[in-house]
Amino acid sequence: MAHAHFTARWVAAVPAPPAGQVDYFDQTPPSLGLRVAPSGRKTWFVMYRAHGRLRRYTLGTYPAVSLADARQRATDARHSVAHGGDPAQARQDGRQAPTVAELGAQYLDLYAKVQKKSWREDARYLATAVLPAWGQLKAADVRRRDVVVLLDQIAARGAPIAANRVLALVRELAEYEKLAHEAVADET
């Protein structure tokens, strides 16, 4: 663990180690670091402590992320931590969030088949309308505009009643996701 005064010239010129990775820490904000790999890849990170654990949060790679940008991102991350956040955990939670396809399958198995006589209709609308449009998206990434576009496409092909049914299904999926998320939060 080496300390250095980071400058744009120094970051550009820092040599790659012959083996292993070397972490350098800035003197200005001491939590900002630069990891240099033997391949020459330079990765910015910030170290912080959240909930008693020392955490490393990757900010990006050089030169895509400049020194000034890395300092700003490190400041933003430290600000988040100061207000009770954990940027590394938030990123990990985002990666582990279910896709629409996963949420739909879980909704059908755990809720619709148990609670609804019309679960087959839900399964059909999921398979024909929702999953082809959003199946690989994270459920949390589906926005109101996405829903409007999907419903307009269904209505434009002459199926306004199907558009209404899909809207009802999307609302039920959103409510199910909210309840499932709350249940997971209560367990931790």
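Given the criteria in a helix (DSSP H, G or I), within 30 Å of A163 (Cα to Cα) and either modelled with pLDDT of 85 or more or small (G, A, S) (or both), does A127 qualify? Yes: the conditions hold for A127. Scanning the range 131-159 for residues being closer than 19 Å to E175 by Cβ and of a type in the set (K, R) gives a total of 3. No other residue among A101, A2 is in contact (Cβ under 8 Å) with a residue 24 or more places away in the chain and of a type in the set (G, A, S) apart from A101. Selection over the range 159-185 of residues that are modelled with pLDDT of 80 or more and surrounded by fewer than 17 Cβ atoms within 10 Å (Cβ to Cβ) gives a count of 10.
Which is open to solvent by 50 Å² or more (accessible area, probe 1.4 Å), over 30 Å from R171 (Cα atoms) and of a type in the set (F, W, Y), of Y24, Y62?
None of the other options fit; the residue is Y62.
When the range 132-152 is filtered for residues that are open to solvent by less than 60 Å² (accessible area, probe 1.4 Å) and in contact (Cβ under 8 Å) with a residue 24 or more places away in the chain, the ones remaining, listed by number, are W134, G135, K138, A139, A140, V142.
The residue that is least open to solvent (accessible area, probe 1.4 Å), among those in the range 115-131 that are free of Cβ contacts under 8 Å to residues at least 40 places away in the same chain and charged (D, E, K, R), is K116.
The values are calculated or read from the model by the stated rules, or taken from the named source; none is laboratory data. Everything numeric in this text was worked out from a predicted model, so none of it was measured. Cβ coordinates were reconstructed from backbone atoms using ideal geometry, including for glycine residues, and neighbour counts include every protein chain displayed. To get the accessible areas, we keep the full protein, side chains included, count just its heavy atoms, and leave off ligands, DNA and RNA. Shrake-Rupley method; radii C 1.70, N 1.55, O 1.52, S 1.80 Å.
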